[in-house]
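The values are calculated or read from the model by the stated rules, or taken from the named source; none is laboratory data. Keep in mind that this is a model prediction, so the values were computed, not measured. Positions of Cβ are backbone-derived with ideal geometry, glycine not excepted, and every protein chain shown enters the neighbour counts. Surface areas here come from the heavy atoms of the whole protein model, side chains and all, with no ligands, DNA or RNA. Shrake-Rupley method; radii C 1.70, N 1.55, O 1.52, S 1.80 Å.
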Amino acid sequence: MTTMEHTLGASIARLESRAKVTGTARYAAEYVTDDALYAWPVPAGIARGEITAVHTEAAMTDPAVVVVLTHQNAPRLHPVEDRTLTLLQSSHIAHRGQYIALAVATSLEAARSAAGAVLVQYKADHHDVVLAEDHPGLYMPEEIDGLWPGTREHGDFDTVYATAEIRTDAVYTTPPMHNHPMEPHAATALWDGDALTVYDSNQGSVTVQHTLAQLFGIDAGQVRVVSEHVGGGFGSKGTARPHVVLAAMAARVVGRPVKLAVPRNHMPAVVGHRAPTIQRIRIGAGRDGCIQALAHEVVTCTSMVGRFVEAAALPSRVMYIAPNSRTAHRVTRLDIPAPSWMRAPGECPGMFALESAIDELAYVCGIDPVELRIRNDPQVEPDSGLPFSSRHLTECLREGARRFGWHERDPSPGTRYEGRLLIGSGVAASMYPVVILPSRAEVRADPDGHYWVRVNATDIGTGARTVLAQIAADALTAPLGYVHISIGSTDLPEAPLAGGSSGTASWGWAVHNACVRLRGLIEHSGGSVPAGGLSVSADTTEDVKSGQEYARCAFGAQFAEVQVDTDTAEVRLRRLTGVFAAGRILNARTARSQFIGGMTMGLSMALMEGSTMDPEFGDYAERDFASYHVAVCADVPAIEAHWIDEEDPHLNPMHSKGIGEIGIVGTAAAVANAVHHATGVRVRTLPIRPDTLLPHFA
Amino acid sequence: MKTFRYERPADPAAAVTLVAGTPGARYLAGGTNLVDLMKLGVETPELLVDVSRLPFGEVEETDTGGLRIGAAVRGSRLAAHLLVRERYPALSQALLSGASAQLRNAATIGGNLLQRTRCLYFQDVSKPCNKRRPGSGCPAREGAHRDLAVLGASEHCIATNTSDLAVALAALDATVHLTGPAGVRSLPLTDLYRLPGDEPERDTVLRHGELITSVELPPPPHSARSRAPLMVYRKVRDRASYAFALVSVAAVLDVRDAAVHEVRLAFGGLAARPWRAREAEQALQGRPATEEAFVEAVRTELSACRPLRENGYKLALAERLAVAVLADLAGQG
């Protein structure tokens, strides 16, 4: 047997790539069972009020329709914390688009048609759906997303800011945004007595399993959730969503398997989204650009059915030296669909504001924005006072500047013409915290040299399956081809979700531990595996408690060059360079995809992405890919991701930090800062579209 | 989606008879818009008559040196056609600026001209829309209308026509040939479309059963100095590809002795039809080809704009775009 010493870190193609491109990889809605029925949900047509009557007679006239479930005939569910999941339980409507009925039929077409024929009468109440800085319902939440305190104060911000030599004060706003993974939320559900099996598209099947068990009043052991391939989630599949509850409910009622795939144009209302933010940032600094006072105050909204608060001020607790600081959130409840996680919740919108404000400070001080960031790079985390386990922001900034050719840049804004185009470049920092959750894993060795790894990880398209096999191969000192990995099922050892960029570290630690111990066992038995094979399982519940004495984050720096057409005010990206310090990179190929995928999503946020809340109806106006714009290939001419070698022993045995989210953090600010450099116009409201810049070109 | 019948008649006369005899019938060509609308419940035809294989698939030079384009020609094929690229480059540019490669491979010229508005309310059957359900109201006026019309709209409808092709054809003085229950007829392309008025449900002047068979272009204009026709299509959009025009311009300009000898100008994204800027053209005829003259002429044309809360930017954008395009063409002459 040859030993491959460098499996970890190598550019390995996804193990399932062939299955995916040839269509043999099965997604949740593709588990065909002979007698499966199809379900199509009915969305509420008002934003707040009560259902006064539901007429399903017309929908039931088609013999293909098996049942139409409403709050009047649906089985009772047990309460769970997420109130968007107690579906069809009451006549109350908390937001437009909330699912209020479900048509189940022998064909997708019949179900869809029946859903359209359900007649609902309402008593509509006045709805309140628009966030404003002075919304009367604003309150200060104790906790924000991630269970962080809503407000933190250090020193005396007001006094120090008032007397600072340099002061900046600006408001930045980000619109609502939608995750829109390529694969819509989907599930196939079937019951066998009191045992439920669901094939579901999610980011972590264990939470889905427990939530379903609670809702249907059965033991978690009776619920099996299979999520072998998932076509993206970006946070919107982090927990159970309405589709899987409805599919399971319908399957229970009809006694047959039921499939439900959420239609794309329903998604903006039922699977979460990034809440809009209004962020005021005030910085007091010396003429040397050193920050003495920093306030980051966030106004945002949540729904009547959830408690999610976008933690946009979090980055200001981590990024820069600020002896006097205030980071605070205010939130109001609106009659809107429930906001939730979207790739780098908190950090992503928060860093747009903070990194724009830092650029503004650099201009006011007349200091290069790379240099200004380096001057304010702290030794310990400003909020917690903990030392960083590793922090290479300065190195990322310097390496990025070198690769991008930043030193040749003339800082004066609005001066570089190429014909009718204005050219500019901008920089911003990236940051995402390290999250590691307890996980279990199991590995078995066979006498023929093959290894079987089992862990309920979820591969949402990131390459998790592949990198876990690499971790196993490395720990076993076995060739990758001898490592077989099973993920994506609650039949496997329990593992946490793919979220918070925690997956690889969490699952990988358990896989690593199991494999190292197995290798020890094999070595102990003279290097051979007995006929019955050898099995080892690991549980990292105790292991993950280590390292808490450090502040642990990945950092990065992004450099953007844009062109702005002075006739039409169209902004187009020319190139984008990211340099990241994220511990050890475990698979160069899939890591690069993660980074540039995040950066591309950040570019979309900067220039085109955003949903419009329709005040009359209380829903988001853009509900398809023709109207909800994300970057297409033509928008991304040159994008590069690099990383610096970072050795950090305080993380996990692989020495890795999560990389799923950091790529989107900071991109929008880098682009907006480049727009300022190109045009002299400081845009503080995203996205930056022709109508944003046009008034400045008159 | 409502159940429908599907027919593929062998010849145009049979197709016309089928549609004319069925009130709820629709012609089907590439289906890239109609099928989407059927899925959304916006269109609920009882009969689809497939005309994509009728003998309208040719691109031919006419006796006068113009071009006749069959209605069933696919967008990608026309964009790549040598005669189009040589003589009518603006037409090729317009086609290539629309949709995606996949859609252009499927969508036909006739279907492109008859695509429906992408107004978000028109496409959402849970909301009122005068175009979809006459008399139900127009929430776009107060709602999401950043993409919608600033010219020729009515209190009943502010939808825009989203065809790039139609804008180029309007500037190129194209004629549309039709066949129908009452025989054949021809119309200038600019007369094919209607403004909404109090009948926003009618996009065009087509009568039920009428079918576009071809589009004819007169010979291309030639500038005094060069054989290459001076024309361009330029589109402003929110991303580099696969987005409808915020505003677009198709322009043909022939400058002789520093004066405007011939000019044709059309806007997209401003109205329910491609907006041929006749007033601007008249104002420029014989005038010095200067930026000042272009600005003045375009402002005259756009003085009829009636912007709403979110779409006022289109006025400035259309002016800047048109002036830039004309100045650019004048510079090339």
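Assess whether B:V298 counts as being at pLDDT 95 or above, within 14 Å of chain A (Cβ to nearest Cβ), within 30 Å of B:D198 (Cβ to Cβ) and in a strand (DSSP E or B).
Against the criterion (at pLDDT 95 or above, within 14 Å of chain A (Cβ to nearest Cβ), within 30 Å of B:D198 (Cβ to Cβ) and in a strand (DSSP E or B)), B:V298 does not qualify.
Table: residues versus (1) within 12 Å of another protein chain (Cβ to nearest Cβ); (2) assigned to a helix (DSSP H, G or I); (3) open to solvent by less than 20 Å² (accessible area, probe 1.4 Å).
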{"position": "B:G286", "(1), (2), (3)": "no, no, no"}
{"position": "B:A293", "(1), (2), (3)": "no, yes, yes"}
{"position": "B:R306", "(1), (2), (3)": "no, no, no"}
{"position": "B:A318", "(1), (2), (3)": "yes, yes, yes"}
{"position": "B:V323", "(1), (2), (3)": "yes, yes, yes"}
{"position": "B:A327", "(1), (2), (3)": "yes, yes, no"}
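Can you go through A:L393, A:L422 and tell me which one is among the aliphatic types (A, V, I, L, M), surrounded by 19 or more Cβ atoms within 10 Å (Cβ to Cβ), in contact with a strand residue (DSSP E or B) (Cβ under 6 Å, 6 or more places away or on another chain) and under 17 Å from A:L361 (Cβ atoms)?
A:L393
In the range A:633-661, how many are surrounded by fewer than 17 Cβ atoms within 10 Å (Cβ to Cβ) and at the interface with another protein chain (Cβ under 10 Å from one of its Cβ atoms)?
Total satisfying the criteria: 3.
Do we find a residue being away from every other protein chain (no Cβ under 14 Å), crowded, with 19+ Cβ neighbours inside 10 Å and in a loop (DSSP other than H, G, I, E, B) anywhere in the range A:104-116?
Within the range A:104-116, none of the residues are away from every other protein chain (no Cβ under 14 Å), crowded, with 19+ Cβ neighbours inside 10 Å and in a loop (DSSP other than H, G, I, E, B).
So, in the range B:115-131, how many residues would count as being under 20 Å from the mean Cα position of the chain (by Cα) and surrounded by fewer than 23 Cβ atoms within 10 Å (Cβ to Cβ)?
Residues flagged as under 20 Å from the mean Cα position of the chain (by Cα) and surrounded by fewer than 23 Cβ atoms within 10 Å (Cβ to Cβ) within the range B:115-131 amount to 4.
I'd like the residue in the range A:12-32 that is in a loop (DSSP other than H, G, I, E, B) and surrounded by fewer than 14 Cβ atoms within 10 Å (Cβ to Cβ) and, out of all such residues, is modelled with the lowest pLDDT.
A:V32
Does A:V630 count as within 14 Å of chain B (Cβ to nearest Cβ), part of a loop (DSSP other than H, G, I, E, B) and aliphatic (A, V, I, L, M)?
yes
Scan the range A:86-93 and give yes if some residue there is within 15 Å of A:V253 (Cβ to Cβ), open to solvent by 70 Å² or more (accessible area, probe 1.4 Å) and among the hydrophobic types (A, V, I, L, M, F, W, C), otherwise no.
Looking for residues that are within 15 Å of A:V253 (Cβ to Cβ), open to solvent by 70 Å² or more (accessible area, probe 1.4 Å) and among the hydrophobic types (A, V, I, L, M, F, W, C), one finds none in the range A:86-93, hence no.
Which number in (1) crowded, with 17+ Cβ neighbours inside 10 Å; (2) more than 26 Å from the chain's Cα centre (by Cα); (3) not β-branched (V, I, T) marks the one condition that A:G238 misses?
It fails just one condition, (2).
Return the total of residues in the range A:591-613 being open to solvent by 10 Å² or more (accessible area, probe 1.4 Å), more than 19 Å from A:P687 (Cβ to Cβ) and touching a strand residue (DSSP E or B) at 6+ places or on another chain (Cβ under 7 Å).
Here the count works out to 2.
Test A:A25 against the criterion of being closer than 24 Å to A:R264 by Cβ and within 14 Å of chain B (Cβ to nearest Cβ), and give yes or no.
Taking the combined requirement at face value, the residue does not satisfy it.
Return the pair list, or none, for Cβ contacts closer than 7 Å from residues in the range B:275-288 that are assigned by TED's automatic domain parsing to the domain that holds B:D254 and within 11 Å of B:L265 (Cα to Cα) to residues that are of a type in the set (S, T, N, Q) and buried (at least 16 other Cβ atoms within 10 Å of the Cβ), at least 6 apart or on different chains.
So the pair list comes out as B:R276/B:T190.
Out of (1) part of a helix (DSSP H, G or I); (2) within 14 Å of chain B (Cβ to nearest Cβ); (3) within 22 Å of the chain's Cα centre (by Cα), the odd one out for A:A670 is which?
(2)
Out of A:M249, A:M304, report the one residue that is aliphatic (A, V, I, L, M) and assigned by TED's automatic domain parsing to the domain that holds A:A353.
Being aliphatic (A, V, I, L, M) and assigned by TED's automatic domain parsing to the domain that holds A:A353 holds for just one of A:M249, A:M304, which is A:M304.
Considering only the range A:591-612, state which residues are of a type in the set (A, V, I, L, M, F, W, C) and either part of a loop (DSSP other than H, G, I, E, B) or facing chain B (nearest Cβ under 9 Å) (or both).
Hits for the range A:591-612 are A:L607, A:M608.
Looking at the range B:74-91 only, could you name the residues that are open to solvent by less than 10 Å² (accessible area, probe 1.4 Å) and either among the polar types (S, T, N, Q) or not in a helix (DSSP H, G or I) (or both)?
B:Y88
Specify the residue that is nearest to B:G111 (Cα to Cα); the eligible residues are those in the range B:1-33 that are away from chain A (no Cβ under 14 Å), part of a loop (DSSP other than H, G, I, E, B) and open to solvent by 80 Å² or more (accessible area, probe 1.4 Å).
B:R8
Pick out the one residue from B:T62, B:T108 that is within 18 Å of the chain's Cα centre (by Cα) and of a type in the set (V, I, T).
Just a single option satisfies the conditions, and that option is B:T108.
For the range B:160-237, list the strands (runs of 3 or more DSSP E) that sit wholly inside it and hold at least 3 residues that are surrounded by 22 or more Cβ atoms within 10 Å (Cβ to Cβ) and either touching a helix residue (DSSP H, G or I) at 6+ places or on another chain (Cβ under 8 Å) or not small (G, A, S) (or both); which are they?
Per the criteria, B:211-217, B:231-236.
On the basis of being at pLDDT 95 or above, surrounded by fewer than 23 Cβ atoms within 10 Å (Cβ to Cβ) and part of a strand (DSSP E or B), does A:A53 make the cut?
Spelling it out, A:A53 is indeed at pLDDT 95 or above, surrounded by fewer than 23 Cβ atoms within 10 Å (Cβ to Cβ) and part of a strand (DSSP E or B).
Have a look at A:S611, A:S656 and point out the one that is outside the structural domain of A:N513 (by TED's automatic domain parsing), of a type in the set (S, T, Y), under 30 Å from B:A140 (Cβ atoms) and in contact with a helix residue (DSSP H, G or I) (Cβ under 7 Å, 6 or more places away or on another chain).
Of A:S611, A:S656, the one residue that is outside the structural domain of A:N513 (by TED's automatic domain parsing), of a type in the set (S, T, Y), under 30 Å from B:A140 (Cβ atoms) and in contact with a helix residue (DSSP H, G or I) (Cβ under 7 Å, 6 or more places away or on another chain) is A:S611.
Residues that are under 30 Å from A:L147 (Cβ atoms): list the strands (runs of 3 or more DSSP E) wholly contained in the range A:243-314 that include at least 2 such residues.
It comes to A:277-285, A:291-303.
Being within 21 Å of the chain's Cα centre (by Cα), open to solvent by less than 20 Å² (accessible area, probe 1.4 Å) and within 11 Å of chain A (Cβ to nearest Cβ) is the filter here; which residues of the range B:137-157 pass it?
Of everything in the range B:137-157, just one residue is within 21 Å of the chain's Cα centre (by Cα), open to solvent by less than 20 Å² (accessible area, probe 1.4 Å) and within 11 Å of chain A (Cβ to nearest Cβ), namely B:H145.
Looking only at the range A:425-458, which residues are open to solvent by 50 Å² or more (accessible area, probe 1.4 Å) and in a strand (DSSP E or B)?
Across the range A:425-458, the qualifying residues are A:R440, A:E442, A:R444, A:W452, A:R454.
With A:D691, A:D624 as the choices, which residue is in a helix (DSSP H, G or I), of a type outside the set (K, R), facing chain B (nearest Cβ under 9 Å) and open to solvent by 10 Å² or more (accessible area, probe 1.4 Å)?
Just one listed residue meets the conditions, A:D691.
When you look at A:T394, is it of a type in the set (S, T, N, Q) and part of a loop (DSSP other than H, G, I, E, B), yes or no?
No: the conditions fail for A:T394.
Would you confirm whether any residue within the range B:249-261 is open to solvent by less than 10 Å² (accessible area, probe 1.4 Å), of a type in the set (D, E) and modelled with pLDDT under 95?
Yes, because at least one residue in the range B:249-261 is open to solvent by less than 10 Å² (accessible area, probe 1.4 Å), of a type in the set (D, E) and modelled with pLDDT under 95.
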